[in-house]
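Novice: Have a look at the structure that comes next, please.
Laboratory data are not the source of any read-out in this text; all were calculated from the coordinates shown. Remember, predicted model here, so these are calculated numbers, not experimental data. Glycine also receives a Cβ, built like all others from the backbone with ideal geometry; neighbour counts cover every protein chain displayed.
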Amino acid sequence: MQVCCDQCGERFDTNEVVIEGGRIECPKCKAGMLLDKVANQAASHGNHSSDVALAAALDQALPRWLKVNEADGGLEIRWRWSQSRAKSHVFYVLFFFAVAVAFGAVTVAAFQQSASIRDLVVLLLLDANFIILFMAFLTELCNSTAIRFDGLTLTVSRGPLPGWGRALRVDASRIENLTLERRGNTARYEYSVICHTIEGEQVVLDDSIRDRAVARFVRRRLLEAIGG
């Protein structure tokens, strides 16, 4: 899909660039453009809606953290929890690991020098706090969510590190609709993909997609696969 850069006027094709964080970067001047704005621009020069243009842009240039596999007649959509913030998560993982090791060494030294019980408790609590932060960032860096549809069942799995979230299975014949729900504030919106069943039940497939464009893409592809 051909688009025009707002800053330098360069025309380029969306399949020649990579989308990150809901933005597309001009290959000439490196200016960023919101994907929704790109879709509206494409729609204004064609006979299709912005939703169709947005879907076309995402189909041609998926973010690095979003993978789509349609092998064997099924559909799998997988995305990293860290999404476009993987580099910052690597820094935090290394930082909190180093601090936890340092506090662990200080705690051992204090124990060997017969420090007071209160001092040891404070050091252990601080060390435990940094270990928890280290594990939280490590989990978000390593883990991903995968939604699979095999023609009969919609399956949601998370991993490889355990402890956050649970696996879900929904019979496709029970699915009436899929909707999106936004939560958070303007600084950080997150989108939930919600499955509505014919019994009136609401099943949250995922609640941590930070890109509205990607959330809409996931919903559209699942609806197409299910036949909704």
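Novice: Work out the P(r) tail for the stretch 181-228: percent of alpha carbon pairs separated by more than 11 Å, whole number.
Specialist: Counting every Cα pair in the stretch 181-228, those more than 11 Å apart make up 69 percent.
Novice: Show me the ranking of peptides 219-225, 25-31 by mean Cβ neighbours inside 10 Å, starting with the highest. Spell out each step's value before the answer.
Specialist: Values: 219-225: 17.9, 25-31: 13.9.
Packing proxy ranking, top to bottom: 219-225, 25-31.
Novice: So what is the relative contact order of the stretch 109-228, in percent, for Cα pairs below 8 Å that sit 6 or more residues apart?
Specialist: 16 percent
Novice: When Asp211, Asp171 are ordered from fewest to most other Cβ atoms inside 10 Å of their Cβ, what list results?
Specialist: Working: Asp211 25, Asp171 10.
Result, fewest neighbours first: Asp171, Asp211.
Novice: Can you give the Rg to Rh ratio of the stretch 86-141, both from alpha-carbon atoms, with Rh computed by the Kirkwood formula? Walk me through the intermediate numbers first.
Specialist: Details: Rg = 13.0 Å, Rh = 11.7 Å.
Across the stretch 86-141, the Cα-based Rg/Rh ratio is 1.10.
Novice: Between Asp171 and Leu152, what length in nm is gained on full extension when 0.36 nm per residue of separation is reduced by their alpha carbon distance?
Specialist: Working it through step by step, the gained length comes to 6.2 nm.
Novice: For the stretch 183-203 and the stretch 98-142, what is the separation of their Cα centres, given in Å?
Specialist: Centre-to-centre distance over Cα atoms comes out at 37 Å.
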